[in-house]
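Reading through the structure tokens given below for one structure.
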Amino acid sequence: MSELSSAKKADNVSTASSHTLLEGRLGYQLESALLVRALTHRSFAYENGGLPTNERLEFLGDSVLGLVVTDTLYRIHPDLPEGQLAKLRAAVVNSRALAQVGRGLELGSFIRLGRGEEGTGGRDKASILADTLEAVIGAVYLDQGLDAASELVHRLFDPLIEKSSNLGAGLDWKTSLQELTAAESLGVPEYLVTETGPDHEKTFTAAARVGGVSYGTGTGRSKKEAEQQAAETAWRSIRADADERAAAKVAVETAAEADVDVVSEEAADTSSATASESADAAKP
């Protein structure tokens, strides 16, 4: 056997092993050629003689994902108008959210990338992760059917769907934080962002400050992602403080009402006793 043939066989074994690992995370075993197609980015295809890319599967998976998420939102929010449902869907089905789910699967390590994208950190680019995840969903739909694809979408995205219900009208954490700080009369949030690492692999860190006080930090591969994480941390911190103050206020008001009731009862008892004594004194 030639060295080239041996190397090709070893590469095939390695690819099959990695596919098995990914299939384990997905919970489905897919037809090999279909999974390879789902993982083939156009940069790899162009550098290898014009192989089929994952773009058609991405197109299909986007529709499947949108259908399942839309159906879920429609059922769990029976009173929301169409416009608000659309905003909720946009909070779940977007490049940043899909990339987050893709990172949870370590999807980047399985993508077939060209040398150019590989060299510029393509395995962690939000757009590439999002597109590949949609292609994988499309592959599951073709190979296993809508029920299997729906189950996968629910398993991967239900936490995001639940999370989106906590957000405000803008359906992003920065908008929600601004609404909350305005309601609490705390001022306008500001973000201090720093960056580290080489140009192709930068890490951004953001601190959310309100009224000169830092309420949370976040990190991400982009400035926007870091700011969103910082805003979420700050929102949860300020919301918890506000809820605690509200609970304390209710407790004080309840105690005050109880004191008023006690005083009223004592006054009523005194009045009754006085009336009884007056009645006794009036008897011959």
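Read-outs: derived from the displayed coordinates by stated rules, not from any lab. The shown structure was predicted, so the numbers you read here are calculated from the model rather than taken from an experiment. Counting neighbours? That spans all protein chains shown, and the Cβs are built from the backbone with ideal geometry, glycine included.
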Along the Cα-to-Cβ line of ASP143, 7 Å from the Cα, sits a label point; which residues in region 26-52 have backbone N less than 14 Å from it? 26-40
Within region 89-125, GluC sites (Glu not before Pro) in DSSP loop having at most 11 other beta-carbon neighbours inside 10 Å: none
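Going down the list LYS125/LYS223; LYS125/LYS202; LYS87/LYS249; LYS174/LYS249, which pairs span over 23 Å between their C-alpha atoms? Please report the intermediate quantities before stating the final value.
Details: LYS125/LYS223 13 Å; LYS125/LYS202 11 Å; LYS87/LYS249 34 Å; LYS174/LYS249 28 Å.
Correct reply: LYS87/LYS249; LYS174/LYS249.
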FRET E, pair LEU192, GLU55, Förster distance 45 Å, beta-carbon r, rounded to 0.05: 0.70
Set the Förster distance to 30 Å, then compute FRET efficiency between GLU23 and LEU67 from the Cβ-Cβ distance, nearest 0.05. 0.80
Provide the gained length on full extension for the span SER222 to ASP199, in nm with one decimal, where the gain is 0.36 nm per separating residue minus the Cα-Cα distance. 7.1 nm
Apply the Karplus curve 6.51 cos²θ - 1.76 cosθ + 1.60, θ = phi - 60°, to the phi angles in region 220-234 and return the couplings in whole Hz, x for Gly and Pro. x, 7, 9, 4, 4, 5, 5, 5, 4, 5, 5, 5, 4, 4, 5
Report the paramagnetic label zone for ALA242: residues of region 175-192 whose backbone N is under 18 Å from a point 7 Å from Cα along the Cα-to-Cβ axis. 175-190
Computed FRET efficiency, Cβ-Cβ of ARG115 and THR175, R0 41 Å: what is it to the nearest 0.05? 0.55
Report, in whole Å, the centroid distance computed from the Cα atoms of region 75-102 and region 116-166. 14
